[in-house]
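The values are calculated or read from the model by the stated rules, or taken from the named source; none is laboratory data. Worth saying up front: this structure is predicted, and the values here are computed from it rather than measured. With ideal geometry, Cβ positions are generated from the backbone for all residues, glycine too; neighbour counts draw on all protein chains shown.
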Amino acid sequence: MPAQRRAVIAALAVAPWVLRPRAAWAVPSSFAPLVRSVAPAIVGVSVTQFNGTNRPAPPTLPVPGEPAPRQQDYAGAAEVSKAAGSGFIVTRSGIIVTNNHVVGDAERIIVTLDDGQRLSARVVGADQLTDLAIIKVDAGHELPFAIWGNSAHMAVGDWILAAGNPFDLGTSFTAGIISARGREIGDGPFDHFLQLDAPINPGNSGGPSFDMAGHVIGVNTAIVSPSGGSVGIGFAIPSNMARRIVTALIAHGSIPRGWLGVSVTDLPSGEAGVRLTGVDTSGPAGRAGLEPGDVVLAINHLPVNDASALIRAIASVPPGTNELLRMDRDGRIFDLSVTVGRRPAELGSD
């Protein structure tokens, strides 16, 4: 074989190694050290709900720990539902982050720590729009806690470690990558999720996903699955959003959300703005003079291109804030100042 040809073959043989992405060399040989470092902050959350006015006496309550939801009837008592979820400790004093859909209607909450200790917990605060909640346990001693990470630094393809309590089996860990960012799944105005391919199953809700430094970069909250189990498409609330909400919930117990009192719809593809399909005459928009059929073009000079963006913008500002809306009414463009109200659900109304 000519020397020149041998040199070409040799070059082709080593080319895959030369061109191998640098990140490929960062694949961990084992996740065990990371698991050991974060496991003490992970908890299981067992929830009991009473679907009626007659509640069974405490001694007759089923022991938390069933792979719920399930139903059970008690003679002379209300129907009882049980469910399981996950959470993670964020303060030494026992503040735990979980999902609102895990504990939102709970009558009794039992938290299982990493060492097996079971403690009663109470809801301290919740935010339905972001599906986040915080609960509190009193352990009588300081608890290990997780450290928040920066989700803005996470890129598609980065490794993550997901933790939780799938099917109420106990603390479990799965590994994967971030497969997409900014996913919207129609779950609410703030559903700009991290999409993960790590297996996430029922019971993982409220658990954390960690970066390779052991920092929380997401709160696991939803899956897409035709079977009910993991098919490799899970969603986590980015830590940068979750941390702000959790801090506010610790301080105030709730997040006051802005409200206009309108129903909205997107315009046909390519058209700018959001059309008002209904206006509550007693709400902020109605009092400001907005009418069904009006089109919102911008808020404080920032364009509004779809209904979710409008809802998100208004819900993000404190009630009482004055917002400048640029409107289109039958081709007439005008600006209108509206004082944002507070969402009726937070005032106890429908």
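Assorted remarks:
- Applying the condition of being at pLDDT 85 or above and touching a helix residue (DSSP H, G or I) at 6+ places or on another chain (Cβ under 9 Å) to segment 188-202 and asking which residue is nearest to A236 (Cα to Cα) yields L194.
- For T60, the criteria (1) surrounded by fewer than 18 Cβ atoms within 10 Å (Cβ to Cβ); (2) modelled with pLDDT of 85 or more hold in every case but one, which is (2).
- Residues being over 12 Å from the mean Cα position of the chain (by Cα), modelled with pLDDT of 90 or more and among the charged types (D, E, K, R) are represented in segment 208-216 by at least one member.
- Comparison of R92, R108 shows that the only residue that is more than 19 Å from the chain's Cα centre (by Cα) and within 21 Å of S239 (Cβ to Cβ) is R92.
- Filter result for the condition that a residue is within 30 Å of L249 (Cβ to Cβ) and either surrounded by 15 or more Cβ atoms within 10 Å (Cβ to Cβ) or at pLDDT 90 or above (or both), over A315, A345, A298: A315
- The listed residue being under 27 Å from H192 (Cα atoms) and surrounded by fewer than 22 Cβ atoms within 10 Å (Cβ to Cβ), out of A139, A133, A175, A163: A175
- Inclusion of I185 among residues that are in a loop (DSSP other than H, G, I, E, B), modelled with pLDDT of 70 or more, more than 15 Å from G157 (Cβ to Cβ) and among the aliphatic types (A, V, I, L, M) is not warranted.
- Those strands (runs of 3 or more DSSP E) lying entirely in segment 269-350 with at least 3 residues out of contact with any Ser or Thr (no Cβ under 8 Å at 6 or more places or on another chain): 295-299, 322-329, 332-339
- Filtering segment 237-268 to residues that are of a type in the set (D, E, K, R) and assigned to a helix (DSSP H, G or I) leaves R243, R244.
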